[in-house]
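The values are calculated or read from the model by the stated rules, or taken from the named source; none is laboratory data. Since this is a predicted model, take the numbers as computed values, not measurements. Virtual Cβ from ideal backbone geometry, glycine too; neighbours counted across all protein chains shown. Heavy atoms of the whole protein, side chains included, go into the accessibility calculation; ligands, DNA and RNA do not. Shrake-Rupley method; radii C 1.70, N 1.55, O 1.52, S 1.80 Å.
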Amino acid sequence: MNKLIIPIIVILIIAAGIGGFFIFQTPAFPEPSLSQKPKEEISKDSPFGAHGAFSRPFVESDKVSYEEILRRSHEVKKPYKHVQDIGIRWVRPNSDIYWSVVQPTLEHRKNGIFNWTVYDMLHGRVPSGVNILGTIDARPWGSNDPTFKPYTWDFADEEMERYYIKFVQETVERYDGNGIKDMPGLKNPIKYWQVSNEPALRPLVERWEDVETVQENLKKNLDPQGFSRLVELTYKAIKEKNPEAKIALAGMAGGYGFVSKDPLTFREVHEFYLPILKNLSGKYIDIFDIHYYGVEWKGMKDAYDFFRRALDKNGYQNTEIWFTETGVPSSPVGERFQAINLIKRYIYPLSFGVKKIFWWNMIEGEYPLEVDNPSNHFGLVYDGIGKDDPGYGVRKLAYYAYKKMVEVLDGSDWNNIQTIQEKDGIYVYKFTKNNKPIYVAWNDNTAEKTITISGITSNQVKITEAVPKYESGKEVSDYNTAFNTETKSVFGGKITLTLKDKPVFVEEK
């Protein structure tokens, strides 16, 4: 969901065996380990991302218009400071690049007039060292744009199709960093592009709060054939300007629907995404994107497994799966719960093959700002609005948890994550960084559990709780001392530790 531009959909909040070691044969000419790769390659390999990464300015109330937020955003000196502080390597800026914004009228399109002001601010100011996934969108959410035939993804005529292809090409040219027609002062070229955002959800949730309308929406044609052609056209236009670019299919909105068995998700999957994969038959898609909200993080595997099988069946064996939107709000579940949940919804999907995961928002709140809406509190930094808000810029426990996770794990060999245990409510995973193992473990039981980790070659390990020792991020005055840590001696290649509610990192010294 592009939450700075579209109405917010309330996210339903619900309460909520030991694996063997892999054996590898060393090749005659081994590939360099991740830790030996150049810094830019490590940056690209990193799975840590954020959507809504632009740290917007303070606004006094939830009545401030979107236009005013944009105007003030020009005044932000370091719009990606939180991303850089955490160490996040991937971003989706706060807005799709909408054709209707860049070229709002037919005259603009006929005369080749482009207005890049908003997107130069959001995309062009991403600092170097941070990879960008840009989204090219043919029309805004909820729009029955005359550019297209009514309720379809088919262009109104051939002329409009040519204008769209030109728009895509000019967009890629402006941000590709090749020195030709680039944005002035471009710091960071865009090499990854996405075709639209949650397109199947648009007709399904129009006036979603009206139950009768929802029932009517369930009958609407989602037009997978028309969207398949749009993907092909967009892919070819991008590749013509940048043959090395990677293209992601528009994000699938209802990842959580695999858990809730939501009827809208069923339609989105079976009457839109699966037909598209069949239509395109192994072409025009380098990345498949799933959006997953809700408290229950275990369902991420159900969504992944379903689409992994579908991709493989339709010729996309090499297509990666990313989750470019995920999150849980700090209200009403609390900062501590949010932080613990964040760790789990990164580590768990990385263990079974997800390549990138983007948290939803740095600064909480999105237009329209609704302080009483749970989906307004996904962000890792408070926005200063609402009676219980501790103040603009105050960082939550989840902010520090994300930073610690990146600090400990970034640079790991992401293709060699071992599942040690997923049984009896105990989860243990083994990462490798700089040729040393790092274990991540947590306990999903209500009572404490004692576990033993074997195969340790060092004499000592450092154990760090993944969430700060405080009840709120406001209490953190020094990041370096904010986490409980201890050093334990290793006996017989084993350590025993007691797991409570917080995940822990176990690093060999």
FRET E, pair Asp85, Lys494, Förster distance 35 Å, beta-carbon r, rounded to 0.05 = 0.45
Set of lysines near Lys81 by C-alpha distance (under 23 Å), chain-local residues within fewer than 8 positions excluded = Lys3, Lys39, Lys44, Lys187, Lys191, Lys356, Lys396, Lys403, Lys404, Lys474
Solvent-accessible area per residue, Å², over the range 274-417 with all protein chains present [probe radius 1.4 Å] | 29
Can you give the accessible area per residue of the range 56-172, in Å², using a 1.4 Å probe?
-> 42
Find how much the distance from Phe114 to Thr419 grows on full extension, using 0.36 nm per residue of separation minus their present alpha carbon separation; answer in nm with one decimal.
-> 104.8 nm
Tell me which aspartates and glutamates have Cα within less than 20 Å of Lys241's Cα, excluding those fewer than 8 residues away on the same chain?
-> Asp96, Asp120, Asp137, Glu161, Glu170, Glu173, Asp176, Asp182, Glu232, Asp286
Pull up all non-local amide H partners of Ile438: gap of 5 or more, or a different chain, and H-to-H distance under 5 Å with H placed in the peptide plane.
-> Phe431, Thr432, Lys433
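Taking only DSSP H segments of four or more residues, each worth -39500 (n - 2.57), what value at 222 nm results for the chain once the sum is divided by all its residues, to the nearest 500 deg cm²/dmol? Please report the intermediate quantities before stating the final value.
Details: 16 runs with 146 residues, N = 509.
My calculation for the chain gives -8000 deg cm²/dmol from helical runs alone.
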Long-range amide H contacts for Thr324: which residues qualify at under 5 Å (H placed 1.01 Å from N, peptide plane, sequence gap of 5 or more or a different chain)?
-> Ile290, Phe358
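Quick one: what do you get for the chain if you divide its Cα Rg by 2.2 N^0.38 Å?
Values: Rg = 23.0 Å, N = 509, 2.2 N^0.38 = 23.5 Å.
Rounded to two decimals, the normalised Rg is 0.98.
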Heavy-atom accessible area order for Glu422, Glu170, Glu68, largest first, 1.4 Å probe | Glu422, Glu68, Glu170
Table column - 3J(HN,Hα) (Hz), the range 480-490, Karplus curve with 6.51, -1.76, 1.60, x for Gly and Pro | 5, 10, 7, 10, 5, 9, 8, 10, 10, 7, 9
Could you let me know the centre-to-centre spacing of the range 406-447 and the range 226-277, using Cα atoms, in angstrom?
-> 31
Solvent-accessible area of Lys488 with every protein chain in place, 1.4 Å probe, in Å² to the nearest 10 = 60
Using alpha carbon centers only, the range 360-393 is separated from the range 284-316 by a whole-angstrom value of 29
Starting at the first residue of the range 267-274, write each ³J(HN,Hα) from the Karplus equation 6.51 cos²θ - 1.76 cosθ + 1.60 with θ = phi - 60°, in whole Hz, x for Gly and Pro.
-> 5, 4, 6, 7, 10, 9, 6, 5
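Let's test the formula: R0 of 30 Å, r as the Cβ-Cβ distance of Asn435 and Ala310. What FRET efficiency results, to the nearest 0.05? Display every interim value, and only then the final one.
Details: r = 37 Å, r/R0 = 1.22.
Step by step, r from the Cβ atoms, then E = 0.25.
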For Ser65, the accessible surface traced by a 1.4 Å probe with all protein chains present amounts, in square angstrom to the nearest 10, to 50
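For the chain, with all protein chains present and a 1.4 Å probe, just round the carbon and sulfur fraction of the accessible area to a whole percent. Each step should come with its number before you reach the end.
Working: 10590 of 21590 Å².
It is 49 percent, rounded to a whole number.
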Contour minus Cα-Cα span, Lys166 to Leu106, at 0.36 nm per residue, comes to 20.3 nm
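What is the calculated FRET efficiency for Thr485 to Glu158, with r their C-beta to C-beta distance and R₀ = 51 Å, to the nearest 0.05?
Values: r = 65 Å, r/R0 = 1.27.
Efficiency at R0 = 51 Å is approximately 0.20.
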